[in-house]
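The values are calculated or read from the model by the stated rules, or taken from the named source; none is laboratory data. Please read all numbers here as calculations on a predicted model, not as lab measurements. Cβ: placed from backbone, ideal geometry, glycine included. Neighbour counts: every protein chain shown. When the accessible area is computed, the model is the full protein with side chains, heavy atoms only, and any ligands, DNA or RNA have been set aside. Shrake-Rupley method; radii C 1.70, N 1.55, O 1.52, S 1.80 Å.
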Amino acid sequence: MAGTLSIHFTHADFRHVRFARSPDPMWEAILGLHVLATPADRLPARLRAWRGRARERVRRAEVRGAFRLLNDLAPSDASYWPDFLTPAESEEGLAVGLRVLRETPPARLERELREASRHRPLPAWTRRLAAGDRALLDDVAHALHHVHGSLLAPDWSEVEATGAADRARRMEALEGGLGAVFASFTPFVWRDPVLSAPYPVDRTIHLRGRGLRLIPSYFCHTRPVAIADPRLPPVVVYPLHPDDPPGPPHTDRQDAALARLLGTNRARVLAALATTRTTGDVAARLALPASSVSGHLTVLRHAGLVASERAGLHVMHRLTARGRHLLGR
């Protein structure tokens, strides 16, 4: 039976609402697997196209084991899955998020897997994970890394560009105040001071001055997903606006051609700049050495594909019109 997610704000919470710059790589890995498990006729057009491409990659790549392992922990029909799979630190990039996941304390593993077992039967191997088996935790991190690299990375520039368009929509709504931003979210309903949306179960979150981090998701397509543990910083992942157009046609052949033209890692660096980033951001997101990313950025800048400018202590990199054209964005 469907329920409602109700998020209660206080005046203090409005000072601490944060809008993520782009989709989160670890949330997207889990939600991307959910899209793969969803019948195509229940998906929006952009995700039907992605699902078709991803299913081809699953057949070609060694991702079936990773798919099964993650599906045991976070199946598409679950009303709850362990929060350790999506640490808040992954906003700094996939490499940081995976490192934090590998460092999850045993007490937290046991607590969250026990909670998951209350919602559905878990396979026997998760008992070893709940007991703090670090090798199994490494396997989980490796599965997320493999799924992201094999299924999501080829389309990550489209994911980030669509997320950036959503963020621009929210910032435009902000001219009417934070209430107007909340009113722009679908399927949320804003009735001051409560933000609500359809949810698998009835769930109430009292922010109590902690604020809220809102993350757009390319792969979340029906209803939002919230961090379950009330002791963790409140996070809600929400689907993109239904009026957002599908991304431009994109094929594995185009990715392969771009990699042959620029080299695989240089092409990945270019694609990562669908959203303006620092060198460190790109390095963390792609799990590449910062020195290597810096070298690729220099070449791309000299080719007129990337522009760089200093903003305070950081140098920000973005695609030029030529760079976007080369990516087909």
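Across region 93-105, the number of residues qualifying as in contact with a helix residue (DSSP H, G or I) (Cβ under 6 Å, 6 or more places away or on another chain), open to solvent by 20 Å² or more (accessible area, probe 1.4 Å) and either at pLDDT below 95 or outside any helix (DSSP H, G or I) (or both) comes to 2.
For region 58-111, a residue qualifies if it is of a type in the set (Gly, Ala, Ser) and more than 26 Å from Tyr199 (Cβ to Cβ), and the qualifying residues are Ala61, Gly65, Ala66, Gly93, Ala95, Ala107. Taking the listed residues Arg15, Arg21, the one that is at pLDDT below 95, in a loop (DSSP other than H, G, I, E, B), basic (Lys, Arg) and open to solvent by 10 Å² or more (accessible area, probe 1.4 Å) is Arg21, with no other qualifying. Pairing residues of region 182-208 that are among the aromatic types (Phe, Trp, Tyr) with residues that are open to solvent by 20 Å² or more (accessible area, probe 1.4 Å), at Cβ distances under 7 Å and at least 6 apart in sequence or on separate chains, gives Phe182/Trp190; Phe188/Ser196; Trp190/Gly179; Trp190/Ala183; Tyr199/Thr4; Tyr199/Arg223. On the stretch given as region 186-199, residues that are open to solvent by 40 Å² or more (accessible area, probe 1.4 Å) and not in a strand (DSSP E or B) total 3.
Quick grid of which residues meet (1) basic (Lys, Arg); (2) in contact with a strand residue (DSSP E or B) (Cβ under 9 Å, 6 or more places away or on another chain):
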position	(1), (2)
Asp139	no, no
Ala161	no, no
Arg170	yes, yes
Gly177	no, no
Phe182	no, yes
Trp190	no, yes
Asp202	no, yes
Ile205	no, yes
Leu214	no, yes
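Quick one: would you say Leu70 is under 21 Å from the mean Cα position of the chain (by Cα) and closer than 19 Å to Trp156 by Cβ? Yes.
Note on region 37-87: residues that are without any contact (Cβ under 8 Å) to a residue 40 or more places away in the chain, part of a helix (DSSP H, G or I) and either among the polar types (S, T, N, Q) or within 18 Å of Leu136 (Cα to Cα) (or both) total 4. Criterion applied to Ala173, Ala183, Ala197, Ala161 was being touching a Lys or Arg at 6+ places or on another chain (Cβ under 9 Å) and modelled with pLDDT of 85 or more, and the one residue passing it is Ala197.
Identify, by number, the condition in (1) in contact with an Asp or Glu (Cβ under 6 Å, 6 or more places away or on another chain); (2) at pLDDT below 95; (3) open to solvent by 20 Å² or more (accessible area, probe 1.4 Å) that Ser90 doesn't meet. Going through (1) in contact with an Asp or Glu (Cβ under 6 Å, 6 or more places away or on another chain); (2) at pLDDT below 95; (3) open to solvent by 20 Å² or more (accessible area, probe 1.4 Å) one by one, Ser90 breaks only (3).
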